[in-house]
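One structure is given below, encoded as structure tokens.
The values are calculated or read from the model by the stated rules, or taken from the named source; none is laboratory data. Quantities reported herein were computed from a predicted structural model and do not represent experimental measurements. In this analysis, Cβ positions are derived from the backbone assuming ideal geometry, glycine residues included, and neighbour counts consider all displayed protein chains. Keep in mind that these areas ignore ligands, DNA and RNA; they rest on the heavy atoms of the full protein, side chains included. Shrake-Rupley method; radii C 1.70, N 1.55, O 1.52, S 1.80 Å.
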Amino acid sequence: MADLEAILSQPHLEEDDIVFLLGLRDPDQIERLRLRAVSVLETHVGASVYYRGLIELSNVCACNCYYCGIRSGNAGLKRFTLSESEVMEAAAWCARAGYGSLVLQAGERRDARFASYVEHLIRRIRAESVLEELPQGLGITLSLGEQSLETYRRWREAGAHRYLLRVETTDPDLFAGIHPPAQTLERRLRALEHLAAAGFQVGTGVMIGIPGQSLIMLARDILFFRDHPIDMIGMGPWLPHPDVPMGDWEQPLSQQERLQLALNMIAVTRLVCRDINIASTTALEAIVSDGRERGLLYGANVAMPNLTPGYASERYRLYEGKPGLEAGAEQCRGRLFGLASAAGRAVALNQWGDAPHFARRQKSKERPRAAGPEPGGDSGS
Ligand code: 5AD
């Protein structure tokens, strides 16, 4: 029987150790894991919580993922795309609220018109969000799916600097089981490479508790984060949506088990990839009302309060139980500040809050990444 303290005090964790930590169920042992994650967080990225205002730009999507509520096959869903003025209003609100950054997220659209619209929005937001207390203007993160390298370059050039594209799972069979044949893991991995090549800070992540997913697969996901140019992670429990093919799949884990596994994933990812940003995601809150606060307590340092106008956010349901739908941006803001202070953490206002991992990655660009483990934060911190 592996000894928890011995594992936690190791400088590098390997697959077996990670599997062991992810599977912890005893509350005292989980608490030791959590405290270790918090200590690594404080040492390598600091205890501040960074906010990114989330704008759900459009629920139009060309993909047909078996788990997702806005999949193209969901014919009953009313589609929307926010107007330029709606986006600019939300961006202005975001800057005034002191969040420092925003995220433009949408279903995947690869048409030229959409690419131009996004480019235009990026340029306008960058030019018009400069305030006395935010002289650098709003930071912009995109979450717009797989695009060509050319489109990524264009959006990077326009002034977006971070991009989120979840791999969902790095296990080839599991990936194939939850996506239609045209959507392949190879394509997803290539898109992640292209994002790094285009100069983005790259975020990825996985869903946790997918039927058929093992602790070994999740451990390999974490090792993937470690061994690729990944600066940010967003992950949360898989949640069923009634109108999608996976809606009636048998759930091997209870909601509580899935939540704890997701929290353990956050903690272990913090231990392995020390100086990256980790988001405490809304999906955590779909299971328990203080889910996002718990994410922060397990080593996350980013939260994404929703800024989307209510009528649109209502139609941007990726899973059942999306929280905060009745709340406006103002209420969301109040809750989020309460959330950070409940977790005993300060909010860093008017900052972009880039992960130190990205700066370190830039510095060592000429040197090819060693095949051996060199977890985030070994140098430069
Ligand atoms: N349960 C949990 N997460 C989901 N996502 C999409 N559908 C679901 C679901 N049913 C997540 C995916 C996607 C992100 C935008 O939302 O990980 O990348």
Original post:
Heavy-atom accessible area per residue, the chain, 1.4 Å probe: how many Å²?
Top reply: 40
Subject >> HN-Hα J in Hz across region 10-26 - Karplus 6.51, -1.76, 1.60, θ = phi - 60°, x for Gly and Pro >> reply: 6, x, 10, 9, 10, 3, 4, 4, 5, 4, 4, 5, 5, x, 4, 10, 6
**OP:** Report, in deg cm²/dmol and to the nearest 500, the calculated mean residue ellipticity at 222 nm for the chain, where each DSSP H run with n ≥ 4 adds -39500 (n - 2.57) and the sum is divided by the residue count.
**Re:** -13000 deg cm²/dmol
Original post:
Once the piece of chain linking R190 and Q136 is laid out straight, how much longer is it, given 0.36 nm per residue of separation minus the C-alpha distance between them?
Top reply: 16.3 nm
Original post:
Viscosity 0.692 mPa s, temperature 37 °C: Stokes-Einstein D of the chain from its Kirkwood Cα radius, in µm² per second?
Top reply: 158
**OP:** Compute the FRET efficiency between V288 and I216 as 1/(1 + (r/R0)^6), taking r as their Cβ-Cβ distance and R0 = 30 Å, and round to the nearest 0.05.
**Re:** 0.65
Original post:
According to the Kirkwood expression over distinct Cα-Cα pairs, how big is the hydrodynamic radius of region 1-109, in Å?
Top reply: 18.2
**OP:** Just need the relative contact order of the chain here, percent rounded to a whole number, with Cα pairs under 8 Å and 6+ apart.
**Re:** 24
Original post:
Which is the longest stretch in the chain that no exposed loop site breaks, taking sites as GluC sites (Glu not before Pro) with a DSSP loop state and at most 11 other Cβ atoms within 10 Å?
Top reply: 1-131
Subject >> Nearby lysines by direct alpha-carbon distance to K78 (threshold 28 angstrom, same-chain neighbours under 8 apart not counted) >> reply: K322
Original post:
Out of S9, T308, L296, whose Cα points farthest toward the positive end of the dipole of the chain (charges: +1 Lys, Arg; -1 Asp, Glu; placed on Cβ)?
Top reply: T308
Original post:
Under a plain spin-label model, where a point goes 7 Å from the Cα along Cα-to-Cβ, how far apart in nm are E257 and H228?
Top reply: 2.8
Original post:
In nm, to one decimal, how far is the modelled label at A197 from the one at A342, with both set 7 Å along Cα→Cβ?
Top reply: 4.4
**OP:** Would you tally the net charge around S101, using a Cβ to Cβ cut-off of less than 12 Å, leaving S101 out, and scoring K and R as +1, D and E as -1?
**Re:** +2
Original post:
Tell me, in nm to one decimal, what length is gained between T43 and R153 on full extension, where the rule is 0.36 nm per residue of separation less the Cα-Cα distance?
Top reply: 36.2 nm
Original post:
What is the gain in length, in nm to one decimal, between Y311 and E250 on full extension, counting 0.36 nm per residue of separation less the C-alpha to C-alpha distance?
Top reply: 18.8 nm
Original post:
For the chain, which whole percent of the accessible surface, found with a 1.4 angstrom probe, sits on carbon and sulfur atoms?
Top reply: 52
Subject >> Simple label model, 7 Å out from Cα along Cβ direction - K363 to S116, nm >> reply: 4.3
